[in-house]
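Presented below is the structure to which this report refers.
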Amino acid sequence: MAILKTPMGRVRGKGSAKDGTQTFWRQRLTAIALIPLAAIFVGLMISLVGDDYSEAAEMMTSPLVGVVMLMFILIGFYHLSIGLVHIVEDYVHAELVKIGLVAAINLGCVALGLACILSVLKLSFGSAA
């Protein structure tokens, strides 16, 4: 016997993936957050044109700059991982390949994000040589 569901019942079930709406909103919110963060990042990089390493490192000792850079890194890599995983889930159909790619994307984003965070923290606390 087939169970009939109303359209609202299917919507409440969120489809077969069970998390499409949540992923959609996370992707959009991180994109919105990256707009001002990317603008600030580009502005800071433009202001450093012609400066040497010591002047750039001096700018990074500002707590405000360090916090903005950390936010840009964290939100940017999270946004990147959501987008890449979404592409893999949509276009890769072999299940083992899909699992491997999703794991590689997540591990890669975490590794690169941690490397960037470490660099910002070293510059912020003045221990870069």
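Bear in mind that the values in this text are calculations on the coordinates, not laboratory data. Please read these numbers as outputs of a predicted model, since none were measured by experiment. Note that we place each Cβ from the backbone using ideal geometry, even for glycine, and neighbour counts take in every protein chain shown.
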Task: Farthest toward positive dipole pole in segment 22-124 [+1 Lys/Arg, -1 Asp/Glu at C-beta], among Ala57, Leu29, Gly43 - done: Leu29
Open item on the list: Explain nothing, just the number: dipole magnitude of segment 22-124 about its Cα centre with +1 on each Lys and Arg Cβ and -1 on each Asp and Glu Cβ, in debye rounded to the nearest 20.
Closed with: 320
Task: Cα centroid of segment 100-129 to Cα centroid of segment 52-73, whole Å - done: 15
- [ ] In vacuum, with every alpha carbon of segment 15-129 counted as one equal point scatterer, what does the Debye formula give for log10 I(q)/I(0) at q = 0.16 Å⁻¹? Two decimals, please.
- [x] -0.83
